[in-house]
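The next block holds one structure in the form of structure tokens; read it before the comments.
The values are calculated or read from the model by the stated rules, or taken from the named source; none is laboratory data. Quick caveat: nothing in here was measured; it's all calculated off a predicted structure. Backbone-built Cβ (ideal geometry, glycine too); neighbour counts: all protein chains shown. These area figures cover heavy atoms from the full protein model, side chains too; ligands, DNA and RNA do not enter into them. Shrake-Rupley method; radii C 1.70, N 1.55, O 1.52, S 1.80 Å.
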Amino acid sequence: MIAALTQLYLRLTLVRWPLAILLAAAVLGVSAYFAGSFKLDASSDSLVLEGDKDLAFYREVRAEYGSDDFLVVTYSPSADLFDQATLTHLGRLRDEIAALPFVKSVTSILDVPLLDSPRVTLAEVQENQRTLRDPDTDTDLARREFQTSPLYRDLVMNRDGTITAMLVVLEPQEQARSLLDRRQALRELRDRQGLDAAAQAELEQVSTAYDAEKARAQAELQTRIDAVRGVLERYRDEAEIFLGGAPMIAADMIDFVRADLRTFGIGVGLFILVLLAVSFGQPRWVAAPTAICAAVTLVTVGFLGWMDWRVTIVSSNFISLLLIITLSLAIHLIVRHRELHTADPSRSQHELLSETVQSKFKPSLFTAATTMVSFLSLAVSGIRPVIDFGLMMTWGCLFAFVLTFLLFPSLLAFLKPGTPPTERRDVTARVTRGFARLVTQTPRPTAIAFVVLVIGGSVGIARLTVENRFIDYFKSDTEIYQGMVVIDRELGGTTPLDIVLDPPQWFFDEQAEDAEYAAEEDFAMSRSGGLSAESYWFNSRQIAQLQEIDEYLRSLPETGKILSLGTSMQVAQMVNNDEPLGDFFLAVMHRMLPETLKKELLGPYMREDGNQVRISVRVIDSYPNLLRDDLLEKIRHDLVHKFDLEPQQVHLSGLLVLYNNVIQSLFQSQASTLGVVFAAISLMFLLLFGSPKMALVGVAPTLVAAGMILGIMGWLGIPLDVMTITIAAITIGIGVHDTIHYTHRYKEEVSSDGDYRAAVLRTHASVGRAMFYTTVVVTLGFSILVLSNFIPTIYFGLFTGIAMILALAANLTLLPLLLMALKPFGRGDDAQAEK
């Protein structure tokens, strides 16, 4: 059966090669069609933890208290902020942004009600609300209010009075939100009790519709951000202006992904052309691998478009990785072809290609399989973009293997073998020969060196952390970075954290008893004290506690602006002539307060029934010692133990919590992925070589390389993130290529004369050269990633490149040391080698 399939394959690729090329062209045509559906994704869905329960609560909080769909425009004029010309300039900017069709509202220092410029009473507030736009407003008093007001200070203006901020609320994209809510509801129902056929069909339909609507919404968001930036550009002549906010970051991340795909693809492509030309010199060894790489890329992009799998910032390097893996397969075939041609120049092209693909098929199949397993292991990470990246690369590796072995012989079958390559004493030969001498002449010191490196790597791994600042993900010349710095330092912090407080259990029990009593007596119980008497939080006692909590939160060095019901009541106390707020006044104020002011003072911080409150905390992401997990744990602990709250009363939410959940999962994800990878690779080596010893020996070089690169990151203080978590798995997946090719050739050399030591020299001189070529290509290919605007991508490229060098060194030293020591292919006649 296998012989028949082999002959069919050889006949297709070497005899009927035009048919094979025609078949490939048809596949490429279909792929080109579906490549038009290739999409990018930078939505919040693309960076969440699978099954995160906090995500559902986050969406509930957004629905109750307002979403994060707003932009922040910071405005720092060259003249005095309260100069009339400056205010006029700011007003024109504000009105032009507000006139954009997708802008729901704009809030600036020109719009917010002034309650202390001069001081007003509750009755005056009910009749009229003064703003900075009113001609009789005293700007000096207004400046003081903005600098001292608990509500406005560090929110709409910095304390120096030199920078102001505008809040630009965007019109919600209701269709996408509605589909998201329905999908979430169906998923929760599925997880609780399962779905019947109709509900399952609806879930699939809603999911498909949401994916399509999300793509449309992202394109619309990009248009919105471009329009806002167009307005801002016209006003930069008189002020320094930055744009911030989650929608802007999402739009810019799309630009980063698009730029990275273009840069990485072109850069790695150029490297391939140059390195192939320098390494092999002949046009055929440039044209054929380049054509194969292009075909693999197009097929993979078309497949992703057909499957509607979207590329995120995590997977933006997939094209460069795909090119590197494909070229690695092609180079091993090229080196083997040239080796056979040098050994017997009289052989025909048909014979050379036939032996080349047959001798390399089995090791290449296993290298592709182990690489696929390595990427599949990312599925256990639990992080959506990492999972998708693993699946994309798994399919890409499959396409790389199939197309390489289809096109390599087909594209070369009609050519003559040409002039046999001559052996040159080039750097490749010198390097591999040097490694061979190191192994055969100084095995003990080499082994000791690896032991020392492993110990050092282990200590470094123990120093690894996952805590990193979001601001450090971006270069300092990007608007994301610059805007975050201004907002962090001058306007109260960037990263939102919501603290949601419920009543204690006894309050709910009391409400239930009242309702039961009312039902038995057939009358409705009502209290005459208004909301301050009926609710748990909207009364003087609980507001005082909220204000104490606010002060505690302000005392934390990681926090910036704190807003809550307590803050609003501090403002309300001003209109009460600075008198303490009693329950009667609170009830009256709640009834008399204008709806617009009630919406601003109460709506974002208290539910309508007064039985739930939200404290809005802005965390300073640029704080040097920010440790998110420690901060969240401290807040939870202190709210319970310092303020006598029950644990079930306290809920933390917001982007800070969701992101912290992702990064805190990285350690477990790293351990899970590595465990799966090494188990699978051990099994592969057992199946390929039929030796339990090889199941252990085969994983050693890449295990050491992965451990050493993680150790280096630990020693340098580089934390794990959603990009660098993939380095170890990729190091193993690509590094094991060399391990398999080396071991496969080494076994052939040992079987020829049983001399394990001589086999090292011959294997280094043959397949060792291909390993060197591929490592150079891989390392330089990864170096292209340093051109990214996304710092984790730069780290990913840098450390993966270093890991490839470490893997090569381990495969050319540690691997032959273990093979000579353990002799997994039998004892052999190696008496001379033992002398």
#### Entry: In degrees, nearest ten, helix 791-812 long axis to first principal axis of the chain (Cα)
30
### Task
Restrict the search to region 580-649; then list the trypsin sites (Lys or Arg not before Pro) that DSSP places in a loop and that have at most 16 other Cβ atoms within 10 Å of their Cβ.
LYS642
### Task
Would you tell me the accessible area of ILE784, worked out with a 1.4 angstrom probe on the heavy atoms of the protein chains, in Å² to the nearest 10?
20
### Solvent exposure ordering (accessible area, 1.4 Å, most first) of ILE455, ILE331
ILE455, ILE331
#### Entry: Stretchable slack from LYS642 to ALA123, in nm (0.36 nm times residue separation minus alpha-carbon distance)
183.0 nm
### Message
To test your reading of the geometry: what angle, between 0 and 90 degrees and rounded to tens, separates the Cα axis of helix 655-664 from the longest principal axis of the chain?
### Response
30
### Task
Run the quick spin-label model on VAL274 and GLU204: label points 7 Å from Cα toward the beta carbon, then report their separation in nm to one decimal.
5.0
### Task
For VAL274, VAL156, give the ranking by accessible area with the largest first, probe 1.4 Å.
VAL274, VAL156
### Task
Calculate for the chain the 222 nm mean residue ellipticity that helices alone would give, adding -39,500 (n - 2.57) per DSSP H run of length 4 or more and normalising by residue count, nearest 500 deg cm²/dmol.
-21500 deg cm²/dmol
### Query
Points 7 angstrom from Cα along the Cβ direction at GLU351 and GLU220: gap in nanometres?
6.9
## Note on the structure
With all protein chains in place and a 1.4 Å probe, TRP537 shows an accessible area in Å² (nearest 10) of 0
### Message
Between ILE448 and GLU479, how high is the FRET efficiency from 1/(1 + (r/R0)^6) when r is the Cβ-Cβ distance and R₀ = 41 Å? Nearest 0.05.
### Response
0.20
### Summary
For the chain, the per residue accessible area (1.4 Å probe, Å²) is 42
### Nearest-10 value in Å² for the accessible area of ARG11, using the 1.4 Å probe
110
### Message
If the reach is capped at under 21 angstrom between alpha carbons, list the lysines near LYS53, excluding any in the same chain fewer than eight residues apart.
### Response
LYS634
### Summary
The helix 174-193 Cα axis meets the longest alpha-carbon principal axis of the chain at an angle in degrees, between 0 and 90 and rounded to 10, of 70
### Eligible lysines near LYS104 by straight Cα distance, threshold 26 Å, same-chain separation 8 or greater
LYS214, LYS561, LYS598, LYS599
### Task
Under a cut-off of 26 Å between alpha-carbon atoms, report the lysines in cross-link reach of LYS360, not counting same-chain residues fewer than 8 places apart.
LYS416, LYS693, LYS747, LYS823
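Across every pair of different alpha-carbon atoms, what Kirkwood hydrodynamic radius in Å does region 533-624 reach? Before the final figure, lay out the partial values.
Values: mean 1/r = 0.0724 Å⁻¹.
That comes to 13.8 Å for region 533-624.
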### Task
Sort GLU202, GLU124 by accessible area with a 1.4 Å probe, largest first.
GLU124, GLU202
### Query
Using the Cα gyration tensor of region 319-461, with a ≥ b ≥ c the square roots of its eigenvalues, what is the shape: rounded (a/c below 1.5), prolate (a/b larger than b/c) or oblate (neither)?
oblate
### Query
In whole Å, how far is the Cα centre of region 180-223 from that of region 144-167?
41
